[in-house]
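*Asks:* To start, I am sharing the structure in question, which I have written as structure tokens.
The values are calculated or read from the model by the stated rules, or taken from the named source; none is laboratory data. Here the structure is a predicted model, which is why all the values come from computation and not from measurement. Methodologically, a virtual Cβ is constructed for each residue, glycine included, from the backbone with ideal geometry; neighbour enumeration extends over all protein chains shown.
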Amino acid sequence: MMKTLSDWLEFVITTLQTWPHCHSVRILETQQFSERQFALKVRATLTSGGTLQVRLYRNGMHTDYAYHVIDGEQSIRWDNKEHFPALRSHPHHFHAANGQVETSPLTGNPDHDLPLVLNDLQRLLVG
């Protein structure tokens, strides 16, 4: 179970570095407010030329997240900002490239979420 900033950072970096569609990974930001409150931002350059930015903020047992992909003119994002209370998966949602906001299977647990994001991206990249 991931508990610390270093646990989370290691998981994100290792998962991205071992994903075949990732060209490179760099840490943009880490902040440690306390043992149970921290933030990280990591950016991966994709083999397609696009980028995937992972932003995680942990406060106790709550996690805010955003997985944001920019590839040319297209942008998609999974996040859990509480802007769409009518969605069945609230607060978790997905911003599609066409601008629609849809339900999301993400939960706020990076162990669960990052592999789902990468699987979706693989389907998009492979076609």
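*Asks:* Looking at the stretch 35-45 only, could you name the residues that are at pLDDT 95 or above and either in contact with a Leu (Cβ under 8 Å, 6 or more places away or on another chain) or over 19 Å from L121 (Cβ atoms) (or both)?
*Replies:* Within the stretch 35-45, Q37, F38, A39, L40, K41, V42, R43, A44 meet the criteria.
*Asks:* So, one more: Would you mind telling me which numbered condition in (1) within 17 Å of R123 (Cβ to Cβ); (2) in contact with a helix residue (DSSP H, G or I) (Cβ under 9 Å, 6 or more places away or on another chain) R77 fails?
*Replies:* (2)
*Asks:* Still on this structure, please answer the following. Out of curiosity, is H92 surrounded by 17 or more Cβ atoms within 10 Å (Cβ to Cβ) and either on the phi < 0 side of the Ramachandran plot or charged (D, E, K, R) (or both)?
*Replies:* Considered against the rule, which asks whether it is surrounded by 17 or more Cβ atoms within 10 Å (Cβ to Cβ) and either on the phi < 0 side of the Ramachandran plot or charged (D, E, K, R) (or both), H92 comes out as yes.
*Asks:* Something else about it: Look at R55 and say whether it is part of a strand (DSSP E or B), over 18 Å from D111 (Cβ atoms) and in contact with a Lys or Arg (Cβ under 7 Å, 6 or more places away or on another chain).
*Replies:* It is false that R55 is part of a strand (DSSP E or B), over 18 Å from D111 (Cβ atoms) and in contact with a Lys or Arg (Cβ under 7 Å, 6 or more places away or on another chain).
Listed here are the residues, each with its yes/no results for (1) closer than 23 Å to F11 by Cβ; (2) in contact with a strand residue (DSSP E or B) (Cβ under 7 Å, 6 or more places away or on another chain).
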| site | (1), (2) |
| --- | --- |
| W78 | yes, yes |
| E82 | no, no |
| S104 | yes, yes |
| T107 | yes, no |
| N119 | yes, no |
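*Asks:* Still on this structure: Between V25, V12, which is of a type in the set (A, V, I, L, M, F, W, C), surrounded by 12 or more Cβ atoms within 10 Å (Cβ to Cβ) and in a helix (DSSP H, G or I)?
*Replies:* V12
*Asks:* I'd like to know if the stretch 31-38 contains one or more residues that are part of a loop (DSSP other than H, G, I, E, B) and in contact with a Gly (Cβ under 6 Å, 6 or more places away or on another chain).
*Replies:* Yes, there is a match, as at least one residue in the stretch 31-38 is part of a loop (DSSP other than H, G, I, E, B) and in contact with a Gly (Cβ under 6 Å, 6 or more places away or on another chain).
*Asks:* Hey, among D113, D64, D120, which residue is of a type in the set (D, E, K, R), within 20 Å of T18 (Cβ to Cβ) and either touching a residue at least 40 places away in the same chain (Cβ under 8 Å) or assigned to a strand (DSSP E or B) (or both)?
*Replies:* Going through D113, D64, D120 in turn, the sole match is D113.
*Asks:* State all residues of the stretch 67-82 that are in contact with a His (Cβ under 6 Å, 6 or more places away or on another chain) and in a loop (DSSP other than H, G, I, E, B); if no residue qualifies, say none.
*Replies:* Hit for the stretch 67-82 is N80, nothing else.
*Asks:* For the stretch 39-75, what are the residues that are crowded, with 18+ Cβ neighbours inside 10 Å, closer than 19 Å to H112 by Cα and hydrophobic (A, V, I, L, M, F, W, C)?
*Replies:* Matches in the stretch 39-75: L40, V42, A44, L52, V54, L56, V69.
*Asks:* How many of the residues making up the stretch 102-127 are among the aliphatic types (A, V, I, L, M) and at pLDDT 95 or above?
*Replies:* Going through the stretch 102-127 one residue at a time, the tally reaches 5.
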